[in-house]
Amino acid sequence: MDPWANSPLSLNSFVVKEHVGMFKAANNFDMYDPQSGRLVLECREEKLGGFTKLLRFTDYKRMTPFHIEIREPGGETLIEIKRGVSFLLSEVEVFDGEGNLLGSFKQKFFSIGGKFDVYSAEGEVLCSLKGKWTGWDFSFGIDGMEFAHVSKQWSGFGKELFTSADNYMLQVAPSLESDHPLRKLIIAAVMCIDMVLKE
């Protein structure tokens, strides 16, 4: 029996809804199961220093550090995402709930449309995230194989969960096993698209 079978991380589709507000410094998201409409994951940036909060409202926003925790609603932390101050290119580390390094993301220099590579804890490239300038459309893949896709275009289950332009859909390939570490890295990376590539 797969111990991950009932974990929200084993889902293949997520609606990602950003918390919006005029004076919002922290990056907070909720992730829903589009078929049931149930809240399955909370992504919170609660360990945000006062100086960093101030910089989030300036042109230096893209350079600020972040520490995001992804957890089950009211439950344990499953993933932690950390970045220090970023001057030119972002490098983000991802940890599991016990503080073990799962992998990292490194932004590509002079990339068109935005791109970063996803690395294992051992430094092996697992896949790359590539995007398009023309819209919110990103894919995770390597050598012609797609592992996941992120888009604001969605017409199936969960369409009623889209209530603003700050929501999008993550679809993970069913072929990616529920306990594969790349699943956690992809979910973590989706939380970073905004902060690393789009802001």
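The values are calculated or read from the model by the stated rules, or taken from the named source; none is laboratory data. None of the values given here were measured: they were computed from a predicted structure. Cβ atoms come from the backbone with ideal geometry, glycine included; neighbour counts cover every protein chain shown. When the accessible area is computed, the model is the full protein with side chains, heavy atoms only, and any ligands, DNA or RNA have been set aside. Shrake-Rupley method; radii C 1.70, N 1.55, O 1.52, S 1.80 Å.
So which pairs qualify, if the first residue must be in region 70-82 and within 10 Å of residue 96 (Cα to Cα), the second must be at pLDDT 85 or above and open to solvent by 60 Å² or more (accessible area, probe 1.4 Å), the Cβ gap must be under 9 Å, and the two must be at least 6 apart or on different chains?
78/72; 80/93; 81/93
Of the residues that sit in region 169-199 and are closer than 18 Å to residue 38 by Cβ and at pLDDT below 90, which one is surrounded by the fewest Cβ atoms within 10 Å (Cβ to Cβ)? Working first, answer last.
The first filter runs over region 169-199 and keeps only residues closer than 18 Å to residue 38 by Cβ, leaving 169-172, 178, 187.
Checking which are at pLDDT below 90 leaves us with 169, 178.
Working: 169: 22, 178: 17.
Looking at the filtered set, the residue picked out is 178.
Pick from region 58-73 the residues that are in a helix (DSSP H, G or I) and either closer than 16 Å to residue 30 by Cα or out of contact with any Phe, Trp or Tyr (no Cβ under 7 Å at 6 or more places or on another chain) (or both): which of them is modelled with the lowest pLDDT? So that I can check it myself, show each step before the final result.
Here is the first cut: in region 58-73, the ones in a helix (DSSP H, G or I) are 61-63.
Restricting the remaining residues to those that are either closer than 16 Å to residue 30 by Cα or out of contact with any Phe, Trp or Tyr (no Cβ under 7 Å at 6 or more places or on another chain) (or both) gives 61-62.
Numbers: 61: 52, 62: 56.
Top of the filtered list is 61.
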